[in-house]
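First the structure, in the form of structure tokens, and then the observations on it.
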Amino acid sequence: MSKWRETVTVTVYVYNLTVSRQVHRFHQVDLEKHPIKRISRHERYPLLAKAVYLGCERAVDDLLEAGESVNERILDGSTPLMIAVDKGHVTIVQKLLKMGADMRLTQNNGMNVFMIAVSKNDDKTFSLLWNHFSKNDSWIFNQENSDGHTILIIAVERGFVEYAKFFCGLSVVKVDHQTKEGRSALMLAAMRSQPEIVKCLLERGASVLLEDKVGSTVLCIALVQKQPEIIEMLLETLNKKDRDMYVKKRIELLYRPRLCSNFEVTYFYKKILFRVLLAIKQYLTNGTELLFKYKIFFALIKCIEMNQGDPEILWQAFHLSACLMYNSVANNSYVLKDMAELYAESKGQNFSLKIMTCSHYKNNSDVRDAALLCPSKLAALDVTQVDNG
């Protein structure tokens, strides 16, 4: 088969078999309208792939009739069917499926034709693929791309509610699959503020306790983003044992961070974990009792000791300690006796004094003031201010 040459225009050779000979025909295509011009002249692209990319239905017919392989790949692993789905050439998709194009193949990045159709939110193309799909190959709905995303996660991440519901309804689809970052479809739905998808996933049995690689759960995400509707749905699925375990693990993360980079750990403390611990006190019915049960201040002091070189972590940790020590009732702040005693038992005031007298922070009034917050609350504690629960 002759080589194609790239001059001022792209020439697509189309082969038409006759009884005695091959007849060469070609179609001229304007380069400005088709980015295929950026392909290096040294790269070899199958003729069928070029014709499909350009949407030349006549060329596709002739090439298929001439015996061109319907599954021949280009450099990124794409087949003609994948290219047609990506470009939205519905008629060409029909032609390729009729000729037996393999829907099980994937690009080099792991994307299959269903993933491509869903990512494009292309209902027509998806319906065509589904109607030609063999149910024996349903395993492809759990295939991962190079980011560890399945088709359900792709749908959820893009906020495509109907696709998410559709895949939740397929028993073969694994709803608790996690990406390389450890995120599940439920976590991504919460991140995208999609209560309808969250509800659908919970009804399918998606786990609320799954953790990503730094230790965040879907409830952490909802609490930090202050999404009351999603928080309520998530808490309804947690029994007493699960709530206990959730709080216990969050506290343990203060002094046993996951094996991530220092940046990821400190970001997790500042932007997620400290906020989650405060939200536990605010949103969980027995949140304060659970924080006390698992000795929150002992864990916080360990966290402060481990990160005493980071002023922002110190500032936030001391502020969190102060916030956990009291309840606001009407216009008064009531110091919680049990929490105040726990802070004293953890030697928190000793460490506060150490930070306040540390030469490293002698010019940092924010950290010094934050370190003074908890001791000042202990000093102000008297019988009239104590909430004995």
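Every number here is computed from the coordinates shown, using simple stated rules; none is lab data. Nothing here was measured: the structure is a model prediction, and the numbers come from that model. So basically every Cβ, Gly included, is an ideal-geometry build from the backbone, and we count neighbours across all protein chains shown.
Given R₀ = 51 Å, FRET efficiency for ASN109-ASN286 by Cβ-Cβ distance, to 0.05?
So the FRET efficiency works out to roughly 0.65.
Using Cβ counts within 10 Å as a stand-in for footprinting exposure, how do MET191, MET306, MET339, MET115 rank, fewest first?
The most exposed by this proxy come first: MET306, MET191, MET339, MET115.
Relative to a virtual label point 7 Å from the Cα of ARG258 in the Cα→beta-carbon direction, which members of region 265-308 show backbone nitrogen distances below 11 Å?
265, 268
Among GLY159, ASN121, ASN145, whose Cα projects farthest towards the positive end of the dipole of region 84-159, with charges put on the beta-carbon of Lys, Arg (+1) and Asp, Glu (-1)?
Value computed over the given set: ASN121.
Using +1 on the beta carbon of Lys and Arg, -1 on that of Asp and Glu, and nothing else charged, what's the dipole of region 234-302 about the Cα centre, debye to 20?
160
Ranking request for peptides 253-264, 92-103: highest mean number of other beta-carbon atoms within 10 Å first, then the rest in descending order.
With the highest mean Cβ count within 10 Å placed first, the list reads 92-103, 253-264.
Roughly how large, in nm² to one decimal, is the mean projection of the convex hull of the alpha-carbon atoms in region 167-222?
Spelled out: convex hull of the Cα atoms, projected over all directions, averaged, 3.5 nm².
From the phi of every residue in region 310-316, what ³J(HN,Hα) in whole Hz does the Karplus formula 6.51 cos²θ - 1.76 cosθ + 1.60 yield, where θ is phi - 60° and glycine or proline is x?
Running phi through 6.51 cos²θ - 1.76 cosθ + 1.60 with θ = phi - 60° gives 10, x, 5, 5, 4, 4, 5 Hz.
May I ask you to compute the full-extension gain from LYS226 to TYR267, defined as 0.36 nm times their residue separation minus their alpha-carbon distance, rounded to one decimal in nm?
Value of the extension gain: 12.9 nm.
Taking the Cα of LYS135, stepping 7 Å toward and past its beta carbon, and measuring to each backbone N in region 157-177: which are under 20 Å?
165-175
If a/c stays under 1.5 just call it rounded; otherwise compare a/b with b/c (prolate if a/b is bigger, oblate if not). Do that for region 69-125, with a ≥ b ≥ c from the square roots of the Cα gyration tensor eigenvalues.
oblate
Would you grab the residues whose amide H sits under 5 Å from the one on TYR326? Only those 5+ places off in sequence or on another chain, please, with H modelled 1.01 Å from N.
The list, which skips near neighbours in sequence, is LEU336.
Region 97-202: which chymotrypsin sites (Phe, Trp or Tyr not before Pro) are DSSP loop and have at most 15 other beta-carbon atoms within 10 angstrom?
Those that pass, being in a loop and sparsely packed, number zero.
Using each residue's phi in region 122-134, evaluate 6.51 cos²θ - 1.76 cosθ + 1.60 at θ = phi - 60° and report the 3J(HN,Hα) Karplus result to the nearest Hz, with x for Gly and Pro.
Coupling constants for region 122-134: 9, 5, 5, 5, 4, 4, 4, 4, 4, 5, 9, 7, 8 Hz.
Just order 204-217, 313-326 by mean Cβ neighbour count inside 10 Å, highest at the front, would you?
Top to bottom by mean Cβ count within 10 Å: 313-326, 204-217.
Within 10 Å, count the other beta carbons around each residue, average over each peptide in 175-182, 295-302, and list them highest first.
295-302, 175-182
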